[in-house]
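The values are calculated or read from the model by the stated rules, or taken from the named source; none is laboratory data. Bear in mind that the values here come from a model prediction, so they are computed numbers and not experimental data. Positions of Cβ are generated from backbone atoms using ideal geometry, with glycine treated the same way; all protein chains shown enter the neighbour counts. SASA here: full protein model, heavy atoms, side chains in, ligands and nucleic acids out. Shrake-Rupley method; radii C 1.70, N 1.55, O 1.52, S 1.80 Å.
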Number of protein chains: 2
Amino acid sequence: MTLQQKKADLLIHPDCIVPVLPHGVVLQNHSIALSEGCISALLPRPEAEAINAHEIVELPGHALLPGFINCHGHAAMSLLRGYADDQPLMPWLEQYIWPAEQAHVNEGFVEDGTELAIAEMVRSGTTTFSDMYFFPDVCAATAQKLGMRCQITFPIFDFATAWGLDADDYIRKGLALRDDFKHSPLTTVVFGPHAPYTVCESNLAKVATLAAELDAPVQIHLHETVTEVLQAAAQYEERPLDMLHRLGLLSPRTQCVHMTDLRDEDIALLAATGAHVVHCPQSNMKLASGICRVSNLLEAGVNVALGTDSAASNNDLNMFGEMQTAALLAKLQSGDASVLAAADALAMATINGAKALGLEDRVGSLEVGKQADLIAVDLSGPETQPLYHPLSQLVYACNGSQVTHSWIGGEPVLERRQLTRINLEALARRVSAWQHQINDTASRPK
Amino acid sequence: MTLQQKKADLLIHPDCIVPVLPHGVVLQNHSIALSEGCISALLPRPEAEAINAHEIVELPGHALLPGFINCHGHAAMSLLRGYADDQPLMPWLEQYIWPAEQAHVNEGFVEDGTELAIAEMVRSGTTTFSDMYFFPDVCAATAQKLGMRCQITFPIFDFATAWGLDADDYIRKGLALRDDFKHSPLTTVVFGPHAPYTVCESNLAKVATLAAELDAPVQIHLHETVTEVLQAAAQYEERPLDMLHRLGLLSPRTQCVHMTDLRDEDIALLAATGAHVVHCPQSNMKLASGICRVSNLLEAGVNVALGTDSAASNNDLNMFGEMQTAALLAKLQSGDASVLAAADALAMATINGAKALGLEDRVGSLEVGKQADLIAVDLSGPETQPLYHPLSQLVYACNGSQVTHSWIGGEPVLERRQLTRINLEALARRVSAWQHQINDTASRPK
């Protein structure tokens, strides 16, 4: 026993602990100690009770597990939740989302939208999110203020938007932001070239060079629909994934988001290069984009993480729903109910996400020495009883409202379902003001 | 103005009302009055305020809508929630579910399991459920005691189970139960021949004759998997749906549950006969059964309702999740994001369910004269803001925990999220006892 185990800032006694690593394990009658923002002990309760803790939290009926890692989203777009639904992808973008963004997106929009997203994410168990949106500096500052861990992917386009003029401008601003946050314990800043159809080959090559030089992650929308792949193949005689590979952009630092169009050769290429896939099942279904072949990817050894995408195409940021949908969709697609078992879905939402973001040494599982990013889930309600297997309940029966507590780097961000750092009433007033402004000024087609 | 509109037992002032009929309508600043268990007025708030009501409930931030109608389930199986997951259908049934049922199902199991199911259903907005399980008399009595509306489908098999000896015995007991409840305001009792592979042709013919004579509904599991259909076709040279048609079992009184295997001719036959389809998307996905062609059915004019199936194969009884999954799955399957819009999914969960159960004159929409089966959903939280379109939020952003109030036949069954007729602590103790008994005695294969 080390000194660390004899003192602790906080000692938590739940009913059970799901550490995620080792895979599929549930520890009954165990406790966890936090010190200086990290997990300092994970022990059977009788041994843990010997620890001299500054604070003790008893959580009968609860499971304790790592917080979720939402690997793809556009947080500020929560202000456009439900603004336009039931539209095919291109009309949805061209007639609704892009005009609304053009008219309204500014620093205030990103600040308020990000806070709204974080409120929802924390209440449903997410402790780390990845973001790709305009004004990534505002998103980074907002997340830092609210104590939320995040990967900021600064967006890169060939063309001007509210945040930049051209690819060089985006990259310059993005790298400055990366520099600002290089010592941040909560924030990483990485490259976010939007997609192969919005960033030309020479700009993607620049990203490849710079990202390799800086050993920095890259997140990109890729193969979201068959149409995207067919158009690229017709125009360039090369599929987007192959082009990225030729440019040196597929590596263990690459996060490929969506990937609904996958040939066997694509899966082999992803496995060979160590690139990660971020699966967004609810968004892919809602926009009728297609199905990512998750079970085949996992079989091939590709790391598959989960993302909600934005609340404008989901319409929630709830990783419980995403885990459940990922598991159900994989079973349906493969015709095999044993595919993507509960433990696999939970791993996708936690440790696989940490691997995708290059954070697996810090988060994604409950192990001594890792950052104390963890959530408590109350399994005592009628929705989650009886309790034969906590993993089944977490993946197939929880809806997010059972999350009672959350800590990020040891700091409490949710206590007894109350957000510690967000004033919901004040936030609601600002969100309502945005709603009225957007409704009043938009010339909406219906 | 009638006298009914001048007095009322209860007057409710929400932010908006979603009556479901007319389709897609949202009434802002309207109120609803209840009298003698029925909806007596639905008016703009200023007019409603003239009503002399015994009680007034203010629900700022809430939408009021008809309670959901869960058209297929096995309520007592909630006691087997999460008992076995991630198994293919036949091993799941043969190695886990059937042995557990054989060892444990009795009247007490059905009483406690049904109460657990009703607790979950009421908390997530369901006001009517259909049930097919052993000891349907116990389920009927439990639902009646708890003030829950239900359709009891008494099960019919060729073989003996805990509740009966053979088809004649099931039918005799079932018709006695139907007689017991013939004057019940909350309960209907109908025929539940389990499936074409568990009830032979001559027994199905008996059901057809008796159901026609009594003008009674019939619910049957049908075309749940391709395998089921192929086996029947190989054995009898006839698909199950065609056999049911030949026996006179397809009519507007017939509820066909699952129907994942559908040819164009099947859809035409369902449309021509007026038979209903009960779609259980989450169960079909989780057991890898297949996808029901919902958008084609709706186009052809077939009435499609929704069911959760049991918590052993879902693993929840939450109709919000079922609506969302139905909408997303239909978009994915059709490759068209505009298919099964929010209003359509909500109709499936309400008025279409009422039509399927033959209750559309009583429930399924908020119309004057109908039974007061309605729920209040709090849309003021960060998960459901901003609020451009209440229908989008209800279908795509709610998870069930936003349901604050529920009335069935005008009686409050949920108030400020508290169940009025169920003691959750006492229920939890009984559920826990079942869990231990089932765990202790089962010789489980893993």
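Could you compute how much accessible surface A:LEU43 exposes when probed at 1.4 Å, giving the result in Å² to the nearest 10?
About 20 Å², rounded to the nearest 10.
Sorted by accessible area (1.4 Å probe), largest first, how do B:ASP316, B:ASP344 line up?
B:ASP344, B:ASP316
What residues from the range B:261-279 fall in the zone where the backbone N is under 14 Å from a label point 7 Å along the Cα-to-C-beta line of B:ALA233?
B:261-267
Quote the accessible area belonging to B:GLU238 in square angstrom, nearest 10, computed with a 1.4 Å probe and with ligands, DNA and RNA left uncounted.
Its heavy atoms expose roughly 40 Å² to the probe.
Positive end of the dipole of the protein assembly as shown, charges at C-beta (+1 Lys, Arg; -1 Asp, Glu), about the Cα centre: which of B:GLY113, B:GLN333, B:ALA345 has its Cα farthest in that direction?
Ranked along the dipole, the leading option is B:GLY113.
Just A:CYS16, A:CYS38, A:CYS200 to compare: in a GNM of chain A, with alpha carbon springs under 10 Å, which one fluctuates most?
A:CYS200
Quick check for me: using +1 on Lys/Arg Cβ and -1 on Asp/Glu Cβ, what's the dipole size of the protein assembly as shown about its Cα centre, in debye to the nearest 20?
On the way: 58 positive and 104 negative charges, 205 e Å.
Computed about the Cα centre, the dipole is about 980 debye.
Can you work out the Karplus-derived ³J(HN,Hα) for every residue in the range A:142-155? Use 6.51 cos²θ - 1.76 cosθ + 1.60 with θ = phi - 60°, whole Hz, and x for glycine or proline.
Calculated HN-Hα couplings, in order: 5, 4, 4, 4, 8, x, 9, 7, 8, 9, 8, 9, 6, x Hz.
Between B:ASP166, B:ASP336, B:ASP15, where does the largest GNM mean-square fluctuation fall for chain B, given springs only between Cα atoms within less than 10 Å?
The residue with the greatest mean-square fluctuation here is B:ASP336.
Taking amide H positions as placed in the peptide plane 1.01 Å from N, state which residues far from B:VAL278 in sequence (5 or more) or on other chains have amide H under 5 Å from it.
Amide H to amide H, under 5 Å and 5 or more residues apart or across chains, B:VAL278 pairs with B:CYS256, B:VAL257, B:HIS258, B:ALA305.
How many percent of DSSP beta bridges within the range B:68-356 run antiparallel, rounded to 5?
Approximately 5 percent, going by the DSSP bridge assignments.
Measuring from a point 7 Å past the Cα of B:GLN437 along Cα-to-C-beta, which residues in the range B:152-179 have an amide N at less than 16 Å?
Of the residues in the range B:152-179, B:162-163 have backbone N under 16 Å from the label point off B:GLN437.
Could you run the Karplus curve 6.51 cos²θ - 1.76 cosθ + 1.60 with θ = phi - 60° over the range B:360-371 and give me ³J(HN,Hα) per residue in whole Hz, x for Gly and Pro?
Those phi angles translate into 5, 7, 10, 9, x, 7, 9, 9, 4, x, 6, 4 Hz.
If you put a point 7 Å past Cα along the Cβ direction, how far is that point for B:GLY369 from the same point in each other copy, in nm, smallest first?
So the label point of B:GLY369 gives 7.4 nm to the other copies.
Can you give me the long-range amide H partners of B:ILE56? Hydrogens built in the peptide plane at 1.01 Å from N, cutoff under 5 Å, separation of 5 or more residues or another chain.
Residues meeting the amide H criterion: B:LEU11.
Among all the lysines, which ones have a C-alpha under 30 Å from A:LYS182's C-alpha, if same-chain residues fewer than 8 places away are not counted?
Result set, ordered by chain and number: A:LYS145, A:LYS173, A:LYS206, A:LYS355, A:LYS370.
If you take the beta carbon distance between A:ALA160 and B:ASN29 as r and set R0 to 30 Å, what does 1/(1 + (r/R0)^6) give as a FRET efficiency, to the nearest 0.05?
Rounded to the nearest 0.05, the efficiency is 0.10.
Amide H to amide H under 5 Å from B:ALA41: which residues, 5+ apart in sequence or cross-chain, H placed 1.01 Å off N in plane?
Those lying under 5 Å, H to H, from B:ALA41 are B:ALA33.
Can you compute the FRET efficiency between A:ARG172 and A:LYS145 using 1/(1 + (r/R0)^6), with r the Cβ-Cβ distance and R0 = 35 Å? Round to the nearest 0.05.
So, using R0 = 35 Å, E works out to roughly 0.90.
Of A:CYS71, A:PHE134, A:LEU419, which is farthest on the positive side of the dipole of chain A, counting Cα position, with +1 on Lys and Arg Cβ, -1 on Asp and Glu Cβ, and the Cα centre as origin?
A:LEU419
Give me the percent relative contact order of the range A:68-356, please, defined on Cα pairs under 8 angstrom at least 6 residues apart.
That works out to 20 percent.
In a GNM of chain B with a 10 Å cut-off on Cα contacts, which of B:GLY364, B:GLY248, B:GLY147 has the highest mean-square fluctuation?
B:GLY248
Taking Cα pairs under 8 Å and at least six residues apart, what relative contact order does the range B:352-446 come out at, in percent?
Details: 80 pairs, mean separation 18.1, N = 95.
Relative contact order of the range B:352-446: 19 percent.
Would you mind telling me the share, in percent, of accessible area of the protein assembly as shown contributed by carbon and sulfur at probe 1.4 angstrom?
On the protein assembly as shown, the fraction of accessible area on carbon and sulfur atoms equals 51 percent.
With a 1.4 Å probe and all protein chains in place, put A:ASP264, A:ASP158 in order of accessible area, largest first.
A:ASP264, A:ASP158
Apply the Karplus curve 6.51 cos²θ - 1.76 cosθ + 1.60, θ = phi - 60°, to the phi angles in the range A:97-111 and return the couplings in whole Hz, x for Gly and Pro.
Using θ = phi - 60°, the values come out as 5, 5, x, 5, 5, 4, 7, 10, 6, 8, 5, x, 4, 5, 5 Hz.
Given Cβ point charges of +1 (Lys, Arg) and -1 (Asp, Glu) and nothing else, what value in debye, to the nearest 20, does the dipole of the range A:68-356 about its Cα centre take?
On the way: 17 positive and 35 negative charges, 141 e Å.
So the magnitude is around 680 debye.
According to a simple spin-label model (label point 7 Å from Cα along Cα-to-Cβ), what is the distance in nm between B:ASN52 and B:THR209?
Taking the two extended label points, one gets 5.9 nm.
In whole angstrom, how far apart do the alpha carbon centroids of the range A:367-446 and the range B:306-340 sit?
22 Å
Label position 7 Å from Cα toward Cβ: report the copy-to-copy distances for B:PRO46 in nm, one decimal, ordered from shortest.
Label point to label point, same position, other copies: 7.4 nm.
Rounded, prolate or oblate: which one fits the range A:68-356, using the alpha carbon gyration tensor with axes a ≥ b ≥ c (rounded when a/c is under 1.5, else prolate when a/b beats b/c, else oblate)? The partial results should precede the final answer.
On the way: a/c = 1.30, a/b = 1.13, b/c = 1.15.
Rounded.
Take every DSSP beta bridge whose two residues both sit in the range B:1-151, then give the antiparallel share in percent to the nearest 5. Before the final figure, lay out the partial values.
On the way: 11 of 26 bridges.
About 40 percent, rounded to the nearest 5.
At 222 nm, what value in deg cm²/dmol follows for chain A if DSSP H runs of at least 4 each add -39500 (n - 2.57) and the sum is divided by all its residues, to the nearest 500?
Details: 15 runs with 154 residues, N = 446.
After summing the helix terms and dividing by the residues of chain A, the value is -10000 deg cm²/dmol.
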